[in-house]
Amino acid sequence: MQRIDVGKVTLEGSVTGEGPPLLFLHGGDYFQQNRAFLDKLSERWRVVTPRHPGFGASDRPEGFRSIHDLAYLYLDLLEQQRLDDAVLVGSSFGGWIALEMCVRSIERVGRLVLIDSLGVKFGTREERDIADIYALPADEVLRRTFSDPQRWVPDYGQLGDAEVTAIARDREATALYGWRPYMHNPGLRQWLHRVRAPALVLWGENDGIVRPDYGERLCRALPDARFATIRRAGHYPQIERPEEVADAIEGFARAEVKR
Amino acid sequence: MKVWHFSEMAYHPAWPELRDSYRVVIPSRLFDPKVGADLYHRYLDEWALCDELGINIMTNEHHATATCADSVCTIPMAILARETKKVRLLALGMPIGNRNDPIRVAEEYSMLDVISRGRIEMGFVKGVPFEISPANTNPADLVERFWEAHDLILKAMTSHDGPFNWEGTHFHYRSVNVWPRPWQQPYPPVWMPVGSPGSAMEAAERGMTIGVLNTGWVRTPAIFEAYRKKAAEVGRPMTPQRLAYMALIGVGNTREEGERRADQILDYSRTSGIVAPQFMNPPGYASAAQSGQALRMSGGGFRAGRIQSRDGRPIDPRRMTVAEAIDAGLCFAGTPDDIFGQLRAFYDHVGGFGHLLMMGQGGLLSHEDTVANLTLFSEEVLPRIGDLGA
């Protein structure tokens, strides 16, 4: 296992490619399915991909039990590895972490890319912005997650012990950090004006976990953001359309002039 | 052996309307309050009768379900604490990892203990996985929360010199000061239902009584053995009173009558596991290794295969017959002699236990049949098992 150490915390993770730094924060599930996307990014950037604390084979220090712990950990990572002017890319749950980082400090964040991000509450108390993946039937969750579930959901029966246990740890840790309030921080929205880095909000047009209109609201709530959809993709467009998402990130990162 | 009568206060009139799930998502328009009131009163009457029959009383609770309309286990106890005078009252129990306020639990149990003049036994339960959704508690740290609540409740019930401070991981109080203090000293007996040797050892370390439910002929011996071994290891006095076994019991003047009653009670087993699969194994409820294996077996079947025949064949609880349930050790049924024989064999097989949790009412078993079942058991079986596990 490749590892990334942040202070005393040891994470499963990889650093691939050459070039300016890019930190990728993954979502709650399908970690391994990001491979093609990360390979594509690695052609242009030095891509740092930690697996979050408690996920996969990563440690979870005893005191780590909220999204805030993850945000501070990755701010430490940017600092310790001197990832200056980094492109910060967060998918789903990882987008929530990225937002929590940016409301604290954008000192080392050159550009922010949010892909079908969670983390913010826009609707009323009786509206559910984020589909309840724990209460919907499994096949419906898959239909809402992927444009083409057959193609992307692994055949779990064929995986080894270590891999299915790692996936179970991903899901357990996602629940630990995101169960209640469900996949968001009620206080986050009021601080989004602090996310002053140029941002690209990307959304799978078929995302049924968080709909594209949530992405548009998120985009409007950020001071300097643009919105784009990815066709024929669900909640994880970087898994279903790795080249298109990587191209969109590259186009955005190049077009932006560092402030 | 002490015997306890247990009923889930099922709201069975809704059952014909239900198919894929008897829990969590079913609309409460299926509950008619007038019919429900009659049912609550008859179940309470049956428990009250136990005071005359010398059978102790056990309640439990579940949420958002028609299989168990007892959603607050201390409410029937509050009524029975006054309606009964002699028998003991076991709430098995309070899902303290799912309740947000452990101090309230300490208050409820303490009040019940005082009103009943020291007849309460306190159950603390982790709760089945499908209780997570109605409570919306985090499954990933349920066990940790359970033990913190347990520690806080016991400290609250045994502290009698004014407020103390509790700033834990899950619970925060700066002035814990529970009134009344309990009748029994230092606190009422503590129970926990367990389903695995690991949980049995956790209970043994703390001297809790374990209630073992639906584990049958195959799984029970290892659980009891783990408890005995751990108790010896930590130097806790081991008596049969630390071990309880739940069985569905139908007794009759003829074998046919007893088996007919058991068959109706068995509708508890046939319905209580029918839950939409997404609620069966919330992430973190089971260990990552267990959940990984369940994923490989393709998902929801985490709890499937729990009921087995004596020779290890899986039994589908939805279609279980009385004969299969007797074979599996989940049910004792027939004449008083039949019951005694089956119970004695099970008792010897598992190495003895001190409490029989008797599901003497379940499903559609009528009030008349329940009264006859409990009465016949008390007259013909109870006198013969008093010395077992004493």
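Elements of the type strands (runs of 3 or more DSSP E) sitting completely within the stretch B:85-184 and holding at least 2 residues that are among the hydrophobic types (A, V, I, L, M, F, W, C): these cover B:89-94, B:120-124, B:164-167. What are the residues in the stretch A:218-228 that are surrounded by fewer than 17 Cβ atoms within 10 Å (Cβ to Cβ) and over 10 Å from A:Leu200 (Cα atoms), if any? Those that are surrounded by fewer than 17 Cβ atoms within 10 Å (Cβ to Cβ) and over 10 Å from A:Leu200 (Cα atoms): A:Arg220, A:Pro223. When the residues of the stretch B:50-66 are filtered to those that are on the phi < 0 side of the Ramachandran plot, in a loop (DSSP other than H, G, I, E, B) and out of contact with any strand residue (DSSP E or B) (no Cβ under 7 Å at 6 or more places or on another chain), the one that is surrounded by the most Cβ atoms within 10 Å (Cβ to Cβ) is B:Glu61.
With the structure loaded, tell me whether A:Leu159 is facing chain B (nearest Cβ under 10 Å), more than 18 Å from the chain's Cα centre (by Cα) and within 27 Å of A:Leu11 (Cα to Cα) or whether it fails that test. In short, yes.
Give the stretch A:233-247 a look and list any residue that's within 13 Å of A:Ser91 (Cβ to Cβ), in a helix (DSSP H, G or I) and not polar (S, T, N, Q), or say none. Within the stretch A:233-247, A:Pro237, A:Ile239, A:Glu240, A:Pro242, A:Val245, A:Ala246 meet the criteria. For the stretch A:141-191, residues that are surrounded by fewer than 19 Cβ atoms within 10 Å (Cβ to Cβ) and of a type in the set (Gly, Ala, Ser) total 4. Against the conditions (1) buried (at least 23 other Cβ atoms within 10 Å of the Cβ); (2) touching a Phe, Trp or Tyr at 6+ places or on another chain (Cβ under 8 Å), A:Tyr214 satisfies every one except (1).
Out of the stretch B:20-49, which residues are touching a residue at least 40 places away in the same chain (Cβ under 8 Å) and either of a type in the set (Asp, Glu) or not in a strand (DSSP E or B) (or both)? Correct list: B:Asp20, B:Ser21, B:Tyr22, B:Val24, B:Val25, B:Ile26, B:Arg42, B:Tyr43, B:Asp45, B:Glu46, B:Trp47, B:Leu49. Determine if the stretch A:212-221 includes at least one residue that is at pLDDT 95 or above and in a loop (DSSP other than H, G, I, E, B). No, that holds for no residue.
Yes/no matrix, rows are residues, columns are (1) without any contact (Cβ under 8 Å) to a residue 24 or more places away in the chain; (2) at positive phi; (3) hydrophobic (A, V, I, L, M, F, W, C):
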{"residue": "B:Ile249", "(1), (2), (3)": "no, no, yes"}
{"residue": "B:Gly252", "(1), (2), (3)": "no, no, no"}
{"residue": "B:Glu257", "(1), (2), (3)": "yes, no, no"}
{"residue": "B:Ser272", "(1), (2), (3)": "no, no, no"}
{"residue": "B:Val275", "(1), (2), (3)": "no, no, yes"}
{"residue": "B:Asn281", "(1), (2), (3)": "no, no, no"}
{"residue": "B:Ala288", "(1), (2), (3)": "yes, no, yes"}
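Filtering the stretch A:134-144 to residues that are touching a Ser or Thr at 6+ places or on another chain (Cβ under 8 Å) and not hydroxyl-bearing (Ser, Thr, Tyr) leaves only A:Ala135.
Of the strands (runs of 3 or more DSSP E) contained entirely in the stretch A:1-110, those carrying at least 2 residues that are in contact with a strand residue (DSSP E or B) (Cβ under 9 Å, 6 or more places away or on another chain) and free of Cβ contacts under 8 Å to residues at least 24 places away in the same chain fall at A:3-6.
The values are calculated or read from the model by the stated rules, or taken from the named source; none is laboratory data. These numbers come from a predicted model, not from an experiment. Using ideal geometry, Cβ is built from the backbone for each residue, glycine included, and neighbour counts are taken over all protein chains shown.
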